[in-house]
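Chemist: Below: one structure in structure tokens.
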Amino acid sequence: MATLQSSFCNPTNKIQSSQQFFTTLNSTKTRNLIFSNKKCFPKQSTVIKCSTIPSLYPEIQETDEEQFLDDTRPVNEIWRELHGCNNWEGLLDPINSHLRNEIIRYGEMAQACYDSFDFDPHSKYCGTCKYQGVHFFERLGMADRGYTLTRHLYATSNINLPNFFQKSRLSSIWSQHANWMGYVAVATDEEEIRRLGRRDIVVAWRGTVTYLEWIHDLKDILHPAHFRNDPSIKIESGFFDLYTTKEKTCKYCAFSAREQVLAEIRRIIHRYPGENLSITITGHSLGAALALLSAYDIAEVELNVVDDGEATTKIPITVFSFSGPRVGNLKFKERCDELGIKVLRVINVHDKVPTVPGIITNEKFQYQKYIEDSISFPWSYAHVGVELPLDHTQSPFLKNINDMRCAHNLEAHLHLVDGYHGKDRRFFLATKRDIALVNKSCDFLKSDYGVPPYWWQDEHKGMVRTSDGRWMLPERPRVEALPADTAHHFDQVIKYSRAKLHLL
């Protein structure tokens, strides 16, 4: 680690790419990620010895581990509790060690959406995912997680979202309408499936790196959800638009984000008949709003209800939400509860995004139900699920600053989860998750740790040197469009919903 420290301090050293940085860092014996018994990256020839960790990270003391009690029960025996079957009662204060690991694991799947997204307006691929599905987790150093990406998700919008939709400044670009929004993945590694106790289906939605600007692009007007025959269930109109809009002339968003995710969930469920399944949806910021909206949609059309002719099985749906805004009105919240959707909302108490929309009329307002029922107040919102409130001022690693971008940052939230042990309990890192990750896209760590801000980037910004010594930006493989069977699977979703619910 002394070598790492000197590399930050010595300006003559070459800056490592994000992939090199993690490859080097994880070749050590430190427990940077949640599965300490697994190697998270391929072995490389470059090795850094970490004998000086206590001097670089003085707040990390070995005696902390003695105070931390691991839950010795296997995950496959308690996974339903970890996913909220009892609304996380008794698991949050003090926090259960398995639950902490699950929160971080799904948070890293949401973070993968940021780490793989092309934000560069000078790239003709701006707005796409940088990695093809078959190599997605491998390129992000997550190949050991045991999941396979099965589909990229795209979206378009009728409303103006300049701070969310990224567009290239070049004339020749991959799409005039679409942006990559996230992915669907499924657990395929048999060892991981046994550890989890089921085959897990994950939907991860991309959020927003920039702080609150996207909130100002939305109208905060409630819109009937139209997913069932009850117009009193309403969601924020901007979220509804982003989730349901499609553009027939674009091969990436000829189907809406809604149609894409429902079709893929249906396809995966029918690919693994008779298996024990779970549906877990995650996202940060705007992605957290889409996570809750898609969870509600899946449950409302009963896509998670499987009838094999002999018995009916209900696949549990859980949302791990990070710094998410309110999505719908009180009726929406009540309907999510009725459908059995379990939501754990991880927030930083100093972040403003979870307080909007519905600043005036929300779940904390005594007469909210009366106002909604009597006058159909158009700005009444309510959070769904259980809240896990964290406080970044409790971390000794972070600056004491009033920067809302830092307070909203996803990696900062995962750092706080690692150090959180319960209300009024001392902050210390249970899994020793690498604190350098906090500064990937912000400037939140104290300068004592020698970690540069905003360090996450492709090596040479993706430029490569050719055999004749010239530098160029190589062509990427063709951006993956929607699978040919999307229409078939979505038609089956609609057919089933109509037969069971007579709604769509």
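Chemist: Mind checking whether some residue in region 262-278 is surrounded by 22 or more Cβ atoms within 10 Å (Cβ to Cβ), within 23 Å of the chain's Cα centre (by Cα) and within 27 Å of D220 (Cα to Cα)?
Modeler: Yes.
Chemist: Which members of region 256-301 meet the condition of being under 19 Å from I235 (Cβ atoms) and of a type in the set (D, E)?
Modeler: The answer is E259, D297, E300.
Chemist: Going through region 320-344 one residue at a time, which ones are free of Cβ contacts under 8 Å to residues at least 60 places away in the same chain and outside any helix (DSSP H, G or I)?
Modeler: G324, G340, I341
A quick yes/no check of all residues on (1) in contact with a strand residue (DSSP E or B) (Cβ under 9 Å, 6 or more places away or on another chain); (2) of a type in the set (S, T, N, Q); (3) closer than 19 Å to Y243 by Cβ; (4) open to solvent by 10 Å² or more (accessible area, probe 1.4 Å):
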| site | (1), (2), (3), (4) |
| --- | --- |
| L292 | yes, no, yes, yes |
| D297 | no, no, yes, no |
| E334 | yes, no, no, yes |
| G340 | yes, no, no, yes |
| Q368 | yes, yes, no, no |
| F377 | yes, no, no, yes |
| D391 | yes, no, no, yes |
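Chemist: Something else now. Only residues that are over 23 Å from R266 (Cα atoms), open to solvent by 60 Å² or more (accessible area, probe 1.4 Å) and touching a residue at least 24 places away in the same chain (Cβ under 8 Å): list them for region 125-154, please.
Modeler: Of everything in region 125-154, those that are over 23 Å from R266 (Cα atoms), open to solvent by 60 Å² or more (accessible area, probe 1.4 Å) and touching a residue at least 24 places away in the same chain (Cβ under 8 Å) turn out to be R139, A143.
Chemist: Residue check, N362 against (1) free of Cβ contacts under 8 Å to residues at least 60 places away in the same chain; (2) farther than 21 Å from Y296 by Cα, all met but one. Which one?
Modeler: (2) is the only condition that N362 fails.
Chemist: Which of the helices (runs of 4 or more DSSP H) found entirely inside region 180-247 contain at least 1 residues meeting this: open to solvent by 50 Å² or more (accessible area, probe 1.4 Å) and at pLDDT below 95?
Modeler: So the answer is 213-217.
Chemist: Could I ask something else about it? Only one residue in V346, V386 is open to solvent by 20 Å² or more (accessible area, probe 1.4 Å), within 25 Å of L69 (Cα to Cα), within 18 Å of the chain's Cα centre (by Cα) and β-branched (V, I, T), so which one is that?
Modeler: Being open to solvent by 20 Å² or more (accessible area, probe 1.4 Å), within 25 Å of L69 (Cα to Cα), within 18 Å of the chain's Cα centre (by Cα) and β-branched (V, I, T) holds for just one of V346, V386, which is V386.
Chemist: Now a separate question. Can you tell me how many residues within region 299-314 are open to solvent by less than 10 Å² (accessible area, probe 1.4 Å) and either in contact (Cβ under 8 Å) with a residue 40 or more places away in the chain or closer than 25 Å to V356 by Cβ (or both)?
Modeler: Number of matching residues: 3.
Chemist: Within region 434-473, restricting attention to residues that are of a type in the set (K, R) and out of contact with any Lys or Arg (no Cβ under 8 Å at 6 or more places or on another chain), which residue is least open to solvent (accessible area, probe 1.4 Å)?
Modeler: K440
Chemist: Could you count how many residues in region 82-130 are over 15 Å from the mean Cα position of the chain (by Cα), closer than 26 Å to H415 by Cα and of a type in the set (F, W, Y)?
Modeler: Qualifying residue count, region 82-130: 2.
Here's the yes/no breakdown for (1) of a type in the set (F, W, Y); (2) touching an Asp or Glu at 6+ places or on another chain (Cβ under 6 Å); (3) modelled with pLDDT of 90 or more:
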| site | (1), (2), (3) |
| --- | --- |
| I53 | no, no, no |
| I78 | no, no, yes |
| E81 | no, no, yes |
| I95 | no, no, yes |
| Y125 | yes, yes, no |
| H135 | no, no, yes |
| E138 | no, no, yes |
| S157 | no, yes, no |
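Chemist: OK, next. Take region 121-131 and flag every residue that is of a type outside the set (K, R) and within 16 Å of R206 (Cα to Cα).
Modeler: C126, G127, T128, C129, Y131
Chemist: Let me spell it out: the conditions are (1) in a helix (DSSP H, G or I); (2) farther than 15 Å from S294 by Cβ; (3) not aliphatic (A, V, I, L, M), and E264 meets all of them except one. Which number is the exception?
Modeler: With (1) in a helix (DSSP H, G or I); (2) farther than 15 Å from S294 by Cβ; (3) not aliphatic (A, V, I, L, M) applied to E264, the lone miss is (2).
Chemist: Also: Starting from region 453-469, keep only residues that are on the phi < 0 side of the Ramachandran plot, then list their pairs with residues that are modelled with pLDDT of 95 or more and part of a helix (DSSP H, G or I) whose Cβ atoms are within a distance under 8 Å, requiring at least 6 positions of separation or different chains.
Modeler: Cβ pairs passing all conditions: P453/N439; W455/A436; W455/N439; W455/K440; W456/D115; W456/K440.
The values are calculated or read from the model by the stated rules, or taken from the named source; none is laboratory data. The shown structure was predicted, so the numbers you read here are calculated from the model rather than taken from an experiment. Cβ atoms come from the backbone with ideal geometry, glycine included; neighbour counts cover every protein chain shown. What goes into the accessible areas is simple: the full protein's heavy atoms, side chains included, and nothing from ligands, DNA or RNA. Shrake-Rupley method; radii C 1.70, N 1.55, O 1.52, S 1.80 Å.
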